[in-house]
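Okay, structure first, notes after.
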Amino acid sequence: MHELSLFADMMNKVHQIVVENNAERATHISVELGALSHISPGHFREHFDEAKVGTVAEHAELDVFQNDDPNDPNAQEMILQTIELE
Amino acid sequence: MKARRKPKLAVWKFASCDGCQLTLLDCEDELLAVADVVEIANFPEASREVARGPYDLSLVEGSITTPHDAERIRTIRKQSKFLVSIGACATAGGIQALRNFRNVREFLSIVYARPDYIDTLPHSTPIADHVFVDFELRGCPISKVQLVELISAFLGNRKPNISSHSVCVECKLRGNTCVMIANKVPCLGPVTHAGCDALCPSYNRGCFGCFGPKETPNTSSLSHQWSNGLSASDRDIVHAYRTFNAYAEAFKKEATTHEP
Amino acid sequence: MSHSQRNPGGPSKRKKITVNYMARVEGEGGLDIRFRNGKVEDVKLNIFEPPRFYEAFLRGRSYTEPPDITARICGICPIAYQMSSTHAIESIVGIKPTDTLRELRRLIYCGEWIESHVLHVYMLHAPDFLGYQDAIRMSKDHPDLVKKGLRLKKIGNEIVNTIGGREIHPINVRIGGFYKLPTKKELIPLQNHLEEALELAKEMVTVTAGLEFPEFEQDYEYVCLRHPYEYPLNQGRIVSNKGIDIDVSEFLDHFQEEQVKHSTSLHARIKERGAYHVGPLARYSLNFDRLSPLAQEAAQQAGLGETCYNPFKSIIIRSVETLWAVEEALRIIDNYSKPEKDYIEHSPRAGTGHGCTEAPRGILYHRYKTDEEGLITDAIITPPTSQNQKMIEDDLWHFAEKYTELPDEDLKWKCEQAVRNYDPCISCSCHFLKVTVDRDGKVSKV
Ligand code: SF4
Ligand code: SF4
Ligand code: SF4
C-alpha cells in the first residue's frame, strides 16, 4: 500500500516548499496521477481532505488530473505539479 | 601480488529476504580473505560504511517492485563496472512475482476479503528487465561455492566456471538413487539449474526448483511424466512451477499451460 | 490533459511554483523525528513492512507448502518461520511430533539462535559499541575477536546445515517431522565443534559484559513463551510480566495490529493496553529460572539480575542465550538416537491452526485456515520485529528527548544504536535506516 507513503511524502514536500519560500500557506495544489499509480483521484482527494487538517495546506484547493496513458514513462508515478503559495 | 588499487565490491538490496547477501557472510572461512583483496565499499547487512562509486563489482539481491527501485538500479548500473544479480528474487522476480499473475484465473477464483487488495501490490520484476546484467547467479539462496567462484573469476579476470546443466547431473555425481524413479516422488531436478549439489534428493525429497530453470529445460516432458507416471494433478504442477522462480520464462510458460 | 482556469487576480503576494516532484515512498524514509522549539513533537518509525505478500500468496497453496514458502520471509531466521508454520499446520491435521522429533526441532532452532545472535552481536552490534563502521574494520584492530565470532557463527550454521540440509532456507523440515533424519554418527562432528563453541560462547558473555552501557530503562511489558520446564523455543503458553497468560490459540484475542495513519506500517498492541516488547530481554526476564545453571552463572557474573529493563544490555543477554543454546544443543545430541520414522504421517483436514515459537528476535505467530482438500484459505503471519515497532518508536522518542542538542549526524548514529538493540532483521525492514530530522520546519535528511 505504497500510495499512502507516497502521499505522506508529497505532503512533506508541500510543507517544505512553503517554508523554503517564506510563505504561510498553500492555496492551490495540482497533482497528476499516472495510469498505473494505484490510486484514483477520488481516493487521493479523500486522503488529502483528511490529511490537510492542521497543515499549511489546510485551506488549499486541490486539482487532481488522471493521466490515462499506461505507456507514459511516468505511468506509475504520483506527481506534485504546481503549488500556489501566499 | 603487486600493490594495486583494491577492486571495490558493493552489495545492494532490493525486495528480498537477505538470504543471498547473508550467503557471503556465511563464507566464514573465506570472508576475511575476500575482505583482504577487495574493498567492501557498500554492504548494509555488514557495515555502516558507504563508499562512493564507481564500483568494480556490484552484487544485487532482490527484485524491483517500485518505481523508486527501478530508478535506483539504473543509478547503480551506471556506477558499476560489473553487475551481477544474485538469487531468485534478482534473477527471476522471486516469489513476490506471484503478484504478476493477477490476471490468472486461478487467482481470481480465490476468495479475498478485500478483492481489490491484489491491485495494490506492486509487480515484481527481475533486475535484468531493467538494466544489463553481466552475470546471473541463480538459487534461493545462491550457493556459497558458486559465489566464491564468481568472486574469484572476477578477480582473475575470467568468466565464472558455473554450469547451467540440471540438478540430475549433480544428483548422479553424488551417487543418489533417483527419488522419482525409485520412490515415485515428484522431482523438478531434470529441469532445474544445478548449484545446490542435489540437496533435496539427498534428503529423500524431490527438487522443488529453487535454482530456477536450467538451460533449455524440457518442462513439457517432465510434466507429462508427472501426470502419467506419478498421478500429479494440474494444480500440483502449477504449484510446483510457481514458487520462487515463477516468473522465469520456462517455468512461467509451463505453469500457464496447466492452469484449469 | 487540461489545467483548470484560475482567476489570475487575488492577493498580489500569491506565488505559483512549478514543482514536478515525484512522490517517494516514505517507508524508505525510515525514521522521522520532528522537533518544535527544542522539544520532541513526533517520532515516526516506518521501516518494518509486514509480510503482506506472503499472507496473500499462501491462499490457495497446499498445507504442506508454508514451511518452504514462509522461510523466504527472512534469510536470517528461516527456521523460525519453518517452526511456527509447521506447528500451526500440525495443529490442524492433528499430529504432534514428540520425543526425538521434537528434540531435533529444538536442536535446529538452537543452531539458528546461535547463528543469528552471533551474527548480530559480532558483526553488527559490537562494532557499534566499539566505534567501528563494521566488523571487517573492527577485525583490523581486534582480529581474534572477529575470528572467534565467525567461528562460533559457523558452528551455529553447522547445526542447521547438518539437520536441515543447508544454512539458509533449509530443506529438511516438513509437516510431521523431517524428510531424512541424521544418524548418531553424523552428529558426532557437531558434538566436537560444540565443545569448542562452549568456550567461545562463555568468552562472548565476558566480552559483551565489558562494554559501556548508557543508563536507560523503560517499564516494558514483556511478552514471550513460557514452558513448564524448558527455556522456550517451540512450545509454551504466551505470558507477559503484566498479567497475560494465554494459550497460543488466543493470540489474536489479545494482540492486534492497527494501521498507523499515513504510513504502511502496522503497530502491534495489546488490546486495551499498548505497546509491548518481545525478544531476548522478554524471554530472559520471564524465564531466568529456566536457564541452565551455567548460563545463569554467566549472566550473574556479567552483572545482570534476574530481569533486565535496559535495552542496550540486550547484547549481553543474546550472549547468555547463545551460551544456553550451545549447552542445549550438546544435551540433545548426547541423548540422540535415531528414531524409526522420519516423520508422522498425516492427511489434509479443514480447520484453523495456530503456531507461536520463539524466533531469535521474539515470538513469531502464524495462523492458517485450510479446507478439506488441505488448501490454505487464510494466513496471518506476525513477525517479532513488526511487533516491536511501536516499542522501538517509544524508545526512540525518549532517546531523542535526551539528545535534542546533538547534531543530526550524531543523533542519527545514536538512534541507529537504539534501533539495533532490537536486532531488526533487515529483511523485515526493507530499507536501511534513513533518518529525516525536522527542526522547526527545517528538514534535513541524514
Ligand atoms: S533469492 Fe531467496 S534467499 Fe535470495 S533474497 Fe530472494 S528469497 Fe531470499
Ligand atoms: S532424484 Fe531428481 S534430481 Fe535426482 S536424478 Fe532423479 S529426477 Fe534427477
Ligand atoms: S529445490 Fe532443487 S535446486 Fe533447490 S536445493 Fe532442492 S534440489 Fe537443489
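The values are calculated or read from the model by the stated rules, or taken from the named source; none is laboratory data. Since we're looking at a predicted model, the values are computed, not measured. Here the Cβ is made from the backbone with ideal geometry for all residues, glycine too, and neighbour counts use every protein chain on show. Accessible surface is based on the protein model in full, side chains and every heavy atom, while ligands, DNA and RNA are left aside. Shrake-Rupley method; radii C 1.70, N 1.55, O 1.52, S 1.80 Å.
Chains C and A together bury roughly 3100 Å² of accessible area, counting both sides, with a 1.4 Å probe on protein heavy atoms only.
Projected onto its three principal axes, the C-alpha set of segment B:167-257 covers 34, 26, 19 Å, listed from the longest axis down. Looking at the protein assembly as shown, send over the antiparallel percent of its DSSP beta bridges, to the nearest 5. Restricted to the protein assembly as shown, the bridges split so that about 70 percent are antiparallel.
Just to confirm a number: summing +1 for Lys and Arg and -1 for Asp and Glu over residues other than B:Met180 whose beta-carbon lies under 13 angstrom from that of B:Met180, what do you get?
+3
Under 5 Å between amide hydrogens, built in the peptide plane, is the criterion, and for B:Gly93 it picks out B:Ile127 among residues at least 5 positions away or on other chains. The listed residues C:Lys15, B:Lys78, A:Lys52 rank as B:Lys78, C:Lys15, A:Lys52 when sorted by accessible area, largest first, using a 1.4 Å probe.
When both segment C:98-131 and segment B:20-87 are represented by their alpha-carbon centers, they are found 25 Å apart.
Each chain gives up part of its surface: B and C jointly bury about 5200 Å² of accessible area, both sides summed, for a 1.4 Å probe. Pairwise Cα distances in the protein assembly as shown exceed 46 Å for 21 percent of all pairs. Near B:Tyr55, the amide H atoms lying under 5 Å from its own belong to B:Ser80, B:Lys81; only residues 5 or more places off or on other chains count, and H is placed 1.01 Å from N. The calculated P(r) of segment C:92-197, using every Cα pair and 10 Å bins from 0, goes 14, 38, 26, 15, 6, 0 in percent. Summarising the overall dimensions of segment C:188-254 from its C-alpha atoms, the Rg and Dmax are 17.8, 46 angstrom. Comparing C:His117, C:His193, C:His125 in a Gaussian network model of chain C where C-alpha atoms under 10 Å apart are linked, the largest mean-square fluctuation is found at C:His193. For chain C, modelled as a GNM whose springs connect Cα atoms under 10 angstrom apart, the maximal fluctuation among C:Tyr132, C:Tyr309, C:Tyr81 occurs at C:Tyr132. Counting every pair of alpha carbons in segment C:49-135, the share spaced more than 14 Å apart comes to 72 percent.
Exposed loop sites here are chymotrypsin sites (Phe, Trp or Tyr not before Pro) assigned a DSSP state other than H, G, I, E or B and surrounded by at most 14 other beta carbons within 10 Å; excluding them, the longest clear run of chain B is B:133-260.
For the protein assembly as shown, the fraction of 1.4 Å probe accessible surface lying on carbon and sulfur atoms is 50 percent. Sorted from greatest to least, the principal axis extents spanned by the alpha carbons of segment C:320-362 come out as 41, 32, 8 Å. Over all Cα atoms in chain C, the spread is summed up by Rg and Dmax: 23.6, 89 Å. Between C:Ile17 and A:Ile83, A:Glu84, A:Leu85, the built amide H atoms are under 5 Å apart, and every one of these is 5 or more places off in sequence or on another chain.
Which one of C:Val278, C:Val320, C:Val40 has the biggest mean-square fluctuation once chain C is modelled by GNM with Cα springs under 10 Å? Comparing C:Val278, C:Val320, C:Val40 in the GNM, the peak value goes to C:Val40. Both the radius of gyration and Dmax for segment C:220-317 are 15.0, 49 Å, in that order, over alpha-carbon atoms.
At a threshold of 50 Å², the residues of segment B:198-246 that become less accessible to a 1.4 Å probe in the full protein assembly than in their chain on its own are B:Leu199, B:Tyr203, B:Arg205, B:Arg235, B:His239, B:Phe244. Kirkwood radius, segment C:295-446, all distinct C-alpha pairs, inverse of mean reciprocal distance: 19.7 Å.
Counting every pair of alpha carbons in chain B, the share spaced more than 22 Å apart comes to 58 percent.
Give me log10 I(q)/I(0) at q = 0.16, 0.18, 0.21, 0.24 Å⁻¹ for segment A:2-85, Debye formula, one equal scatterer per alpha-carbon, no solvent. Relative scattering, expressed as log10 I(q)/I(0), comes to -0.57, -0.71, -0.94, -1.17. Counting Lys and Arg as +1 and Asp and Glu as -1 over every other residue whose Cβ lies under 11 Å from the Cβ of C:Leu323, the net charge comes to -4. Of the DSSP H helices in chain C, those with a Cα length along their own long axis of 15 Å or more and a mean Kyte-Doolittle hydropathy reaching 0.5 comprise C:314-334.
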